Amino acid sequence: MQTLTLSQVTKTFEGNAALSSVSLAVAPGERVALLGHNGAGKSTLMKIVLGLIPADRGEIHIVEARPGSHAARAATAYLPENVAFHPALTGVEQLRCYLRLRGEDPADAEGLLDRVGLGEAGRRRIGTYSKGMRQRVGLAQALIGRPRLLVLDEPTSGLDPVSRREFYALLDELAQTGAAILLSSHALTEVEARTDRIAILSRGHLVADDTLTNLRRVAALPIHLQVSARPDAADEVARRLAGERHNGTRVDLVCDHDQKLARLGQIAELGTLVEDVHVIPPSLEDIYAHFSGRVPS
Ligand SMILES: Nc1ncnc2c1ncn2[C@@H]1O[C@H](COP(=O)(O)OP(=O)(O)OP(=O)(O)O)[C@@H](O)[C@H]1O
Ligand SMILES: [Mg+2]
C-alpha cells in the first residue's frame with residue numbers, strides 16, 4: 001500500500017490553475033524528488049497534502065486518512081519552504097515546545113538536535129543562528145515522532161555541501177525504516193544521486209514521474225562525442241567523421257544513443273589520427289528541460 005496518494009488533484013487560485021489534475025503516489029521507504037520552475041505548484045501540492053489548503057477537486061490519502069485529519073497529521077512531518085522560529089528561544093527550548101505540541105517527551109530535544117549536528121549550538125538563542133543552522137532546527141522538528149511521511153519543501157536550500165550530504169544520509173536512514181519522503185528541490189545534481197524517483201511539475205501539470213534512468217531513456221536526447229585529433233590531422237579527422245572543428249584539434253560529433261557504438265567504431269578506425277575521445281551523455285539539466293517544456297495545452 002502507498003503511504004501517500006494523490007489522484008487528479010486540481011487547485012485554482014483566482015482563476016489561475018496552480019495544479020491541474022495531478023496524480024502521484026509515494027510508497028513506504030521511497031524518496032521522491034518534486035522538481036519544477038518557480039511557481040510550478042510544488043509548495044501548493046505540499047500544502048494540500050498537509051491539509052493547510054483544500055484542493056478544488058481530486059482525492060488525497062495519507063496512509064488511509066484525509067489530509068488535515070488527526071491521523072494524517074500524526075503520521076506526517078513537514079518542513080516548510082521558509083522556516084520561522086522564535087528568535088529569543090534557544091534551539092533546545094524551541095524543540096521542547098514542538099515536542100510538547102506533538103505529545104512527545106520534551107527531554108528528546110537534545111537528542112534530536114544532536115542528530116542534525118546542532119548539539120553544541122542548542123543552548124544559544126535562535127536569533128544568533130546562521131541560515132543553515134535554522135534550517136537544521138526545522139529538520140530536527142520534522143524528525144519528531146517517527147513520521148511515516150515526510151514532506152520537505154526545499155530542505156537543503158541554505159545548507160553547505162557537507163551539510164547536504166549529512167542531510168541525505170539522515171533521509172536514507174528514515175527511508176530504510178519505511179518512511180515515505182516527498183521533497184522539492186531546485187538542486188538537480190543532488191536529487192540525481194539521492195532519490196529513487198523524480199516527479200516534474202510544469203505550470204501545474206505533472207509532466208514526468210519516473211526513475212532518472214527511465215526518464216533518460218524516454219527523453220532519448222542526443223549524445224555528444226568530443227574527439228581530440230592529432231595536431232596535424234584535425235582537418236582530416238573532421239572530414240572523415242563529418243564532424244565540426246573546434247579550436248585547434250577538437251572535433252565534435254552528435255549522435256543518438258543507438259548510433260553511439262557505431263560512431264565510436266568509426267573513430268577507432270582512424271587509428272593514430274585520434275588522440276582521445278570523450279563521450280558526454282545528456283545532463284540532468286537537459287533531461288529536466290526536455291520534460292519541463294512538454295506542457296499539455
Ligand atoms: N495563496 C495564494 N494565492 C494566490 N495564488 C497563489 C497562492 N499560493 C500560490 N499561488 C500561485 O500558485 C502558483 C504555484 O505556486 P507555488 O508556491 O506552489 O510554486 P512553487 O513550485 O512552490 O515555486 P517555488 O519554486 O518558487 O517555491 C503560482 O503561480 C503562485 O503565484
Ligand atoms: Mg515553493
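Pick out, from the range 77-150, the helices (runs of 4 or more DSSP H) lying fully within it that include 2 or more residues that are farther than 20 Å from Arg164 by Cβ.
Correct list: 91-101, 109-115.
How about the range 74-87: which of its residues are surrounded by fewer than 17 Cβ atoms within 10 Å (Cβ to Cβ) and in contact with a helix residue (DSSP H, G or I) (Cβ under 8 Å, 6 or more places away or on another chain)?
Glu81, His86, Pro87
Quick test of your reading of the structure: Thr90 fulfils all but one of (1) in contact (Cβ under 8 Å) with a residue 12 or more places away in the chain; (2) in contact with a helix residue (DSSP H, G or I) (Cβ under 8 Å, 6 or more places away or on another chain); (3) within 23 Å of Val9 (Cβ to Cβ); (4) surrounded by 14 or more Cβ atoms within 10 Å (Cβ to Cβ). Name the failing condition by number.
Of (1) in contact (Cβ under 8 Å) with a residue 12 or more places away in the chain; (2) in contact with a helix residue (DSSP H, G or I) (Cβ under 8 Å, 6 or more places away or on another chain); (3) within 23 Å of Val9 (Cβ to Cβ); (4) surrounded by 14 or more Cβ atoms within 10 Å (Cβ to Cβ), only one is false for Thr90: (3).
Take the conditions more than 16 Å from ligand 1 (Cβ to nearest atom), surrounded by fewer than 22 Cβ atoms within 10 Å (Cβ to Cβ) and among the basic types (Lys, Arg) and apply them to Arg100. Does it pass?
Judged against the criteria, Arg100 is a match.
Somewhere in the range 146-167, is a residue of a type in the set (Phe, Trp, Tyr), crowded, with 17+ Cβ neighbours inside 10 Å, within 26 Å of Val49 (Cβ to Cβ) and at pLDDT below 90?
Yes, some residue in the range 146-167 is of a type in the set (Phe, Trp, Tyr), crowded, with 17+ Cβ neighbours inside 10 Å, within 26 Å of Val49 (Cβ to Cβ) and at pLDDT below 90.
Would a scan of the range 7-18 turn up a residue that is surrounded by 15 or more Cβ atoms within 10 Å (Cβ to Cβ), farther than 18 Å from His61 by Cβ and either among the hydrophobic types (A, V, I, L, M, F, W, C) or within 16 Å of ligand 2 (Cβ to nearest atom) (or both)?
Looking for residues that are surrounded by 15 or more Cβ atoms within 10 Å (Cβ to Cβ), farther than 18 Å from His61 by Cβ and either among the hydrophobic types (A, V, I, L, M, F, W, C) or within 16 Å of ligand 2 (Cβ to nearest atom) (or both), one finds at least one in the range 7-18, hence yes.
May I ask you to verify whether Thr44 is among the polar types (S, T, N, Q) and in contact with a helix residue (DSSP H, G or I) (Cβ under 9 Å, 6 or more places away or on another chain)?
no
Need at least 2 residues that are free of Cβ contacts under 8 Å to residues at least 24 places away in the same chain per element, so show me which helices (runs of 4 or more DSSP H) inside the range 153-251 make the cut, counting only ones lying wholly within it.
Result: 161-176, 212-219, 234-241.
Which condition breaks for Pro155 when tested against (1) over 14 Å from Leu34 (Cβ atoms); (2) touching a strand residue (DSSP E or B) at 6+ places or on another chain (Cβ under 7 Å); (3) within 16 Å of ligand 2 (Cβ to nearest atom)?
For Pro155, the failing item is (1).
Of everything in the range 103-116, what is touching a residue at least 40 places away in the same chain (Cβ under 8 Å) and surrounded by 18 or more Cβ atoms within 10 Å (Cβ to Cβ)? Give them in sequence order.
Across the range 103-116, the qualifying residue is only Val116.
The values are calculated or read from the model by the stated rules, or taken from the named source; none is laboratory data. What you see is a predicted model, and the numbers here were worked out from it, not measured in a lab. Counting neighbours? That spans all protein chains shown, and the Cβs are built from the backbone with ideal geometry, glycine included.
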